[in-house]
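*Asks:* I am attaching a structure below and will ask some questions about it afterwards.
Laboratory data are not the source of any read-out in this text; all were calculated from the coordinates shown. Since this is a predicted model, take the numbers as computed values, not measurements. Here the Cβ positions follow ideal geometry from the backbone for every residue, glycine too, while neighbour counts run over all protein chains shown.
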Amino acid sequence: MFFRRAREDRAFREAQRAGYELLLRLQATQPWTDCPEPTPQDPVAEEAAVPDCLPPELRLPSRQEVAGVMMRWLQPLLVDGEVRTCPGCGVYRDWIVFCMRDDSVWLRCRAGHETKEPGLDAAWFNRNSGPVDRFHPTLEEGLRHLGH
């Protein structure tokens, strides 16, 4: 019984291989009427194609080209169930949250005290921030734009 089943399995596999080889030979020789042959394009049409990229004056800088991204956080900031307070002045709301190029997150209070927040990461920042609406050449201009 055991040998008969192995013999049947071997015969089935050989039939599958033979059928697959026959299919490959058929596909290689059969002209497919419903699929048109690719026509070579003339080089003049390729040169006239419009590039996909925007002109340099309309491109936005990439995440690696800017020092960081900032957003305003008006409500109290909860990290791991605790309200974060500024170590310098004790304020617990109205933060500017920075996500730097190295994916570290920094907090800045209205008084200008800055502290690194190890409990937050770039993924948290990306979940809670909106789309970037402006790029500022200096930190001061960005803070002024956010009301600090």
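*Asks:* What are the principal axis extents of the Cα atoms in the stretch 48-138, in Å, biggest first?
*Replies:* On the principal axes, the stretch 48-138 reaches 62, 25, 21 Å in Cα extent.
*Asks:* Considering Cα pairs under 8 angstrom that are at least six residues apart, work out the relative contact order of the stretch 67-125 and quote it in whole percent.
*Replies:* Once divided by the residue count of the stretch 67-125, the mean separation gives 30 percent.
*Asks:* So how far apart, in nm, are the two label points at residue 64 and residue 9 if each is 7 Å from Cα heading toward Cβ?
*Replies:* For the pair residue 64/residue 9, the computed spacing is 5.1 nm.
*Asks:* Please say if the stretch 89-132 is rounded, prolate or oblate, where rounded means a/c under 1.5 for a ≥ b ≥ c the square roots of the C-alpha gyration tensor eigenvalues, and otherwise the choice is prolate for a/b larger than b/c and oblate otherwise?
*Replies:* Prolate, because a/c is 1.5 or more and a/b exceeds b/c.
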